[in-house]
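The values are calculated or read from the model by the stated rules, or taken from the named source; none is laboratory data. The structure presented is a predicted model; accordingly, all values stated were derived computationally and were not measured. Cβ placement follows ideal geometry from the backbone for every residue including glycine, while neighbour counts extend to all protein chains displayed. Heads up: the accessible areas ignore ligands, DNA and RNA and are worked out on the full protein's heavy atoms, side chains in. Shrake-Rupley method; radii C 1.70, N 1.55, O 1.52, S 1.80 Å.
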Amino acid sequence: MRKTPGYFLQLIFVSFLLSQISCTNQTKSDTIISADPKVAKIKLPEGFHADHLYSPGLNDQGSWVAMTFDDKGRMIASDQYGNLYRLSIPPIGSDTTVKIKVEKLEVKPVGDTAKIKMGFAHGLLYAFNSLYVMVNDEGDTAKSQHSGLYRLQDSNGDDEFDKVTLLKSLDGDGEHGPHSIVLSPDKKSIYVVAGNFTKIPKMDVYKAPPPAWQIDNLMPLIKDPNGHDETVNIHGGWIAHLEPDGSHWELFANGFRNPFDLCFNDAGDMFAFDSDMEWDFGLPWYRPIRICQVTSGSEFGWRPGTDKWSPSFPDNLPAVLNVGQGSPTSFFNGLDAHFPEKYRRSLFAFDWSFGIIYAVHLEADGATYKTKGEEFISGSPLPLTDGIIGPDGALYFLTGGRRIESDLYRVYYADNKQFTEPLTATTLSEEQMIRRKLEEFHGTPKAGAIDFAWPYLKHADRYIRFAARIAIENQPVREWQDKALNEKDPVILNQAILALARQGNKNVEDKALDALATGDFATLTETQQIDRVRAFELLIARMGMPGEEAKSRVAVYLNPHYPAKSNELNRELCKVLVHIGAPQSVEKTMALLANAKDDSAYQITLTNSSDLIMRNPQYGMDIAGMLSKVPPQQQTFYATVLSAAKTGWTPELREKYFRWFYGAFNYKGGHSFVGFINNARKNALANVPKNEFNHFNTISGDSIVAISGTSMATATQRPKGPGRDWEVDTAIKYVDSGMVNRDYENGKAMFTASLCISCHTVRGEGGVAGPDLTQLGTRFSYRDMLVAIIEPNKTISDQFGATVFDLKEGGSVVGRIISQDNDKYIISQNPFAPQVTRDVLKKDVLRTRISEVSPMMSGLINRLNPEELKNLLAYLKSGGDKNNEVFKPKK
């Protein structure tokens, strides 16, 4: 689920009355549409069927986010903010009169009349005759059970849990707190996963050597300007392994942002579905939601603000699949499903924001995997929270979260009686077996580890090199330090010095730098060059700025190769060279800043950003805004690095540098984009002579910077607030109290400050993505306006909106139809760039349907106080006419 309360308040105001579209001549299909409207909105692959089973909210049972099945085939589910429930679900094909039996699940200790309430769970697992509950107390200090892993048991066999054991208390809560619990592939132990607001508790074993987490990045650190992640900062989200009784905790991996779940494939390899930081959208350190193969001791480089690691860093692992934007929730395999083999061997990844279940297909590739993804199930809206393959082989999933409407569904193939035979066992590749052998040396010193692992530091497979380095780091440094410093093979040297930088002492820094500054840099491959520069960076980041002679040797070694041919290598080189003050490093970086182009291949994701905009406007409009004026990420990277440069400037270079910022404020990005740009600007201004500060402050955009969430507001007045969660009945009471003598200028300013003007025109001023609102007041009452603003999905207009195109080959596309002919639909997907269109060929379309989600999101007036709201409504009612009666004093 999305991570930040109130996030939607900062998104862009798309339209008043902008709803859905009905169109003629739409493609017809023989696909059977369910009579149940909740099922009819779901797009399924051919041959699959869906049942809507239950709606917890209709029975005052909350919004469910976690579930498991017990040993009797009953489902156990948890309300995000409340109780546990146990469900007896009728089999597939049962008479519709057979209802689901639901009971509240409480713990009744033997000999005690008081019941213990359990719930608030983000993760549930029934195993070892126990129910494991990952309580996430969401900051509820009144609860008796706070965040942690609990074990519930039935000690007397009466089918009631009567014993509660706290296995581990966890310091973290909320949507980045402790999450899922997963049974190991051999069904003998347990794994747990937690987000980046959860501190890592003391472990018995660390697969990577005992914790020494640091920033490990020479990028000037600018923390998130809106205050995100002030809890953990460095180690990020994590995964741990433990025994069923809660003993022997091992830290298996860390460095995630916020993985909600993990799973294993048929070969027993672990994967996690990690979230993005949507506020970073459009910035060079943004990382999309992604599927990661999680190996022993792995690190994935989540760090605060600007200092997130690049996937190219050899001391972390990359994603096996970059998905795009979204909010990862459930993640599980299909091994026990009665599905065709393709899907049984797939991993199913849930996206809460955009209502998509992805099927991820894996193909062994050395010690890791190649991946292909497809949209398996989707709906709009379909806020997916948890999923599981039931004991009957069907896929069960929940929607809900954040107290919104919650539902339970079941999906099955044909009659659910096919594809029940066991799958053939997967044969491990040679590289996978090598990696697993190396992982046996993780967690503790072992005899023979150095001799065995050392040659694999130069293996062609990145995952094997990583596993070999972690094996070396687990051994006493004194046993391999000299071996590392005297290594002659350039590939092994890169990995060995990385290990030494992480585990060695500062007194070896100069020797390690000298070892790296040997050999012909130009003869290395680009990957090896990146590894070499990263080793320099890690040494300096960990052990401090070297002396002048050592800095000079590093500069002499690297400077001739800067700039390089690739953006990624240039990023590494510029960080190190600017940090040590290498000659010409500022001049060379400024030349790159002027002309840098972004790599399109670097931004490839499974889902195109434009395809997500109309699936969920609450989040999609931020994407739309960025795509309408995409920031130059490589230039932003260079500008951020240069913000810390104190020397190497000429007056001409400084003039060009600060003028770059003025232009950068015109780009659009995530919620923190402008704040990051402005803070980099401020950091750079701290390095200019005092008598020149005013000049550079002015030319860099100080006069135009007014930070307001995702963008610069151009309104002369900003909302004073305090705002509130407006409801129609509350708002209309203020309107009924009098709509005369309103403030025209304030109403116009609220129209701009709320960003309505980005999409709508009043008297010729504004955007064109939504309808012209000049005549709004002649057709709609104040109540009509408030309903359209506060409850945009309640009444659907047939003049504006989106159509969902379900494609024959799977997946779907959402957009507004601009025109069509016999062969194709021409659609627009971005309200902020309506001139950018896309063709959807009719021969590829299985069916079309009206999207149930209005492109206008709710909550856009929640920053306004009552008087500001009345002024805005008056401005709309008047059609922008300052002479309207509503602006005149009461007679």
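Please go through the stretch 479-499 and give me each residue that is open to solvent by 30 Å² or more (accessible area, probe 1.4 Å), closer than 20 Å to ILE464 by Cα and assigned to a helix (DSSP H, G or I), ordered by number.
Listed by number, the residues that qualify are LYS483, PRO490.
From ARG410, ARG436, ARG403, grab the single residue that is among the charged types (D, E, K, R) and part of a strand (DSSP E or B). Explain how you work it out, then say what you get.
On the way: ARG436 fails: part of a strand (DSSP E or B); ARG403 fails: part of a strand (DSSP E or B).
Criteria check complete, one pass: ARG410.
If you go through the stretch 868-891, how many residues are open to solvent by less than 50 Å² (accessible area, probe 1.4 Å), farther than 13 Å from THR752 by Cα and charged (D, E, K, R)?
2
Can you find a residue in the stretch 153-161 that is open to solvent by 50 Å² or more (accessible area, probe 1.4 Å) and either modelled with pLDDT under 90 or touching a helix residue (DSSP H, G or I) at 6+ places or on another chain (Cβ under 6 Å) (or both)?
No; the residues of the stretch 153-161 include none that is open to solvent by 50 Å² or more (accessible area, probe 1.4 Å) and either modelled with pLDDT under 90 or touching a helix residue (DSSP H, G or I) at 6+ places or on another chain (Cβ under 6 Å) (or both).
Just to be sure before I move on: is VAL164 within 24 Å of the chain's Cα centre (by Cα) and surrounded by 13 or more Cβ atoms within 10 Å (Cβ to Cβ) in the structure I sent? Don't jump to the end; show me each part of the working.
Details: within 24 Å of the chain's Cα centre (by Cα): no; surrounded by 13 or more Cβ atoms within 10 Å (Cβ to Cβ): yes.
The answer is no for VAL164.
Can you name the residue in the stretch 439-458 that is open to solvent by less than 30 Å² (accessible area, probe 1.4 Å) and assigned to a helix (DSSP H, G or I) and, of all such residues, is nearest to GLN529 (Cα to Cα)?
Residue satisfying both the conditions and the ranking: LEU457.
Quick one: in the stretch 106-120, of everything that is buried (at least 19 other Cβ atoms within 10 Å of the Cβ) and hydrophobic (A, V, I, L, M, F, W, C), which residue is farthest from SER55 (Cα to Cα)?
Just the residues of the stretch 106-120 that are buried (at least 19 other Cβ atoms within 10 Å of the Cβ), to begin with: 107, 118-120.
Filter again for hydrophobic (A, V, I, L, M, F, W, C), leaving 107, 118, 120.
Values: VAL107: 24, MET118: 21, PHE120: 18 Å.
Only one residue tops the list, namely VAL107.
Quick check on my filter: what residues within the stretch 656-700 are within 12 Å of ILE222 (Cβ to Cβ) and free of Cβ contacts under 8 Å to residues at least 40 places away in the same chain?
ARG681, LYS682
Which count do you get for residues in the stretch 167-180 that are in a loop (DSSP other than H, G, I, E, B) and open to solvent by less than 60 Å² (accessible area, probe 1.4 Å)?
Taking the stretch 167-180 and keeping what is in a loop (DSSP other than H, G, I, E, B), we get 170-173, 177.
Applying the additional criterion that residues be open to solvent by less than 60 Å² (accessible area, probe 1.4 Å) yields 170, 172, 177.
Residues flagged as in a loop (DSSP other than H, G, I, E, B) and open to solvent by less than 60 Å² (accessible area, probe 1.4 Å) within the stretch 167-180 amount to 3.
Being in contact with a Leu (Cβ under 7 Å, 6 or more places away or on another chain) and crowded, with 22+ Cβ neighbours inside 10 Å is the filter here, so list the residues in the stretch 260-291 that pass it.
First pass over the stretch 260-291, keeping only residues in contact with a Leu (Cβ under 7 Å, 6 or more places away or on another chain): 263, 265-267, 270-272, 290-291.
Answer for the stretch 260-291, where residues must be in contact with a Leu (Cβ under 7 Å, 6 or more places away or on another chain) and crowded, with 22+ Cβ neighbours inside 10 Å: CYS263, MET270, PHE271, ALA272, ARG290, ILE291.
With respect to ASN254, is the statement that it is modelled with pLDDT of 95 or more and closer than 19 Å to ASN333 by Cα true? Even if it seems obvious, please write down each step before you answer.
On the way: modelled with pLDDT of 95 or more: yes; closer than 19 Å to ASN333 by Cα: no.
No.
Go through the stretch 690-728 and report how many residues are open to solvent by 50 Å² or more (accessible area, probe 1.4 Å), modelled with pLDDT under 55 and not in a loop (DSSP other than H, G, I, E, B).
Selection size over the stretch 690-728: 1.
Please go through the stretch 312-326 and give me each residue that is in a loop (DSSP other than H, G, I, E, B) and in contact with a helix residue (DSSP H, G or I) (Cβ under 9 Å, 6 or more places away or on another chain), ordered by number. First the steps, then the outcome.
At the first step, the residues of the stretch 312-326 found to be in a loop (DSSP other than H, G, I, E, B) are 312-320, 325-326.
Selection gives SER312, PHE313, PRO314, ASP315, ASN316, LEU317, PRO318, GLN325, GLY326.
Considering each of LYS656, LYS629, LYS646 in turn, give the residue that is modelled with pLDDT under 95 and open to solvent by 30 Å² or more (accessible area, probe 1.4 Å). Spell out the reasoning first.
Working: LYS656 fails: modelled with pLDDT under 95; LYS646 fails: modelled with pLDDT under 95.
Exactly one residue qualifies, and that residue is LYS629.
What are the residues in the stretch 88-105 that are buried (at least 17 other Cβ atoms within 10 Å of the Cβ) and touching an Asp or Glu at 6+ places or on another chain (Cβ under 8 Å), if any?
ILE92
Would it be correct to say that ALA749 is modelled with pLDDT of 70 or more and buried (at least 21 other Cβ atoms within 10 Å of the Cβ)?
Details: modelled with pLDDT of 70 or more: yes; buried (at least 21 other Cβ atoms within 10 Å of the Cβ): yes.
Taking the combined requirement at face value, the residue satisfies it.
So ILE356 clears everything in (1) open to solvent by 10 Å² or more (accessible area, probe 1.4 Å); (2) in contact with an Asp or Glu (Cβ under 7 Å, 6 or more places away or on another chain); (3) over 30 Å from GLN214 (Cβ atoms) except one condition, right? Which one?
Against the list (1) open to solvent by 10 Å² or more (accessible area, probe 1.4 Å); (2) in contact with an Asp or Glu (Cβ under 7 Å, 6 or more places away or on another chain); (3) over 30 Å from GLN214 (Cβ atoms), ILE356 comes up short only on (1).
Run LEU773 past the list (1) farther than 30 Å from ALA359 by Cα; (2) in contact with a strand residue (DSSP E or B) (Cβ under 6 Å, 6 or more places away or on another chain); (3) surrounded by 23 or more Cβ atoms within 10 Å (Cβ to Cβ); (4) modelled with pLDDT under 80 and report the number of the one that doesn't hold.
(4)
Only one of these conditions is not met by ALA515: (1) closer than 22 Å to LEU573 by Cα; (2) among the aliphatic types (A, V, I, L, M); (3) surrounded by 24 or more Cβ atoms within 10 Å (Cβ to Cβ). Which number is it?
(3)
Anything in the stretch 393-419 that is in contact with a strand residue (DSSP E or B) (Cβ under 8 Å, 6 or more places away or on another chain) and acidic (Asp, Glu)? List them, or say none.
The answer is GLU405, ASP407.
Which condition does GLU431 not pass, out of (1) part of a helix (DSSP H, G or I); (2) open to solvent by less than 30 Å² (accessible area, probe 1.4 Å), if it passes all the others?
(2)
Taking the criterion of being at pLDDT 95 or above, surrounded by fewer than 21 Cβ atoms within 10 Å (Cβ to Cβ) and in a helix (DSSP H, G or I), would at least one residue in the stretch 594-616 satisfy it?
Scanning the stretch 594-616, I find at least one residue that is at pLDDT 95 or above, surrounded by fewer than 21 Cβ atoms within 10 Å (Cβ to Cβ) and in a helix (DSSP H, G or I), so the answer is yes.
Check whether at least one residue in the stretch 220-234 is open to solvent by 20 Å² or more (accessible area, probe 1.4 Å), at pLDDT below 95 and under 23 Å from ASP531 (Cβ atoms), and report yes or no.
yes
Tell me which residues, restricted to the stretch 182-219, are open to solvent by 10 Å² or more (accessible area, probe 1.4 Å), under 24 Å from THR385 (Cβ atoms) and touching a Phe, Trp or Tyr at 6+ places or on another chain (Cβ under 6 Å).
Answer for the stretch 182-219, where residues must be open to solvent by 10 Å² or more (accessible area, probe 1.4 Å), under 24 Å from THR385 (Cβ atoms) and touching a Phe, Trp or Tyr at 6+ places or on another chain (Cβ under 6 Å): just VAL182.
Being within 33 Å of the chain's Cα centre (by Cα), part of a helix (DSSP H, G or I) and buried (at least 17 other Cβ atoms within 10 Å of the Cβ) is the filter here, so list the residues in the stretch 459-478 that pass it.
Here is the first cut: in the stretch 459-478, the residues within 33 Å of the chain's Cα centre (by Cα) are 459-474.
Among the residues that remain, those that are also part of a helix (DSSP H, G or I) are: 462-473.
Selection gives TYR463, ILE464, ARG465, PHE466, ALA467, ALA468, ARG469, ILE470, ALA471, ILE472, GLU473.
Checking the condition open to solvent by less than 10 Å² (accessible area, probe 1.4 Å) and among the hydroxyl-bearing types (Ser, Thr, Tyr), which residue from SER327, SER310 passes?
None of the other options fit; the residue is SER327.
Please go through (1) assigned to a strand (DSSP E or B); (2) crowded, with 24+ Cβ neighbours inside 10 Å; (3) more than 20 Å from the chain's Cα centre (by Cα) for ILE388 and return the number of the only condition it doesn't satisfy.
(2)
Return the pair list, or none, for Cβ contacts closer than 6 Å from residues in the stretch 162-173 that are farther than 15 Å from LYS202 by Cβ to residues that are of a type in the set (A, V, I, L, M), at least 6 apart or on different chains.
Filtered contacts from the stretch 162-173: ASP162/VAL110; VAL164/VAL107; VAL164/ILE116; VAL164/LEU152.
Restricting to the stretch 64-87, and then to whatever is under 19 Å from GLN145 (Cα atoms) and not hydrophobic (A, V, I, L, M, F, W, C), can you tell me which residue is surrounded by the most Cβ atoms within 10 Å (Cβ to Cβ)?
Quick first cut of the stretch 64-87, residues under 19 Å from GLN145 (Cα atoms) only: 64-67, 76-85.
If we keep only those that are not hydrophobic (A, V, I, L, M, F, W, C) as well, we get 78-83, 85.
Working: SER78: 29, ASP79: 22, GLN80: 24, TYR81: 17, GLY82: 19, ASN83: 17, TYR85: 22.
Applying the filter and picking the extreme gives SER78.
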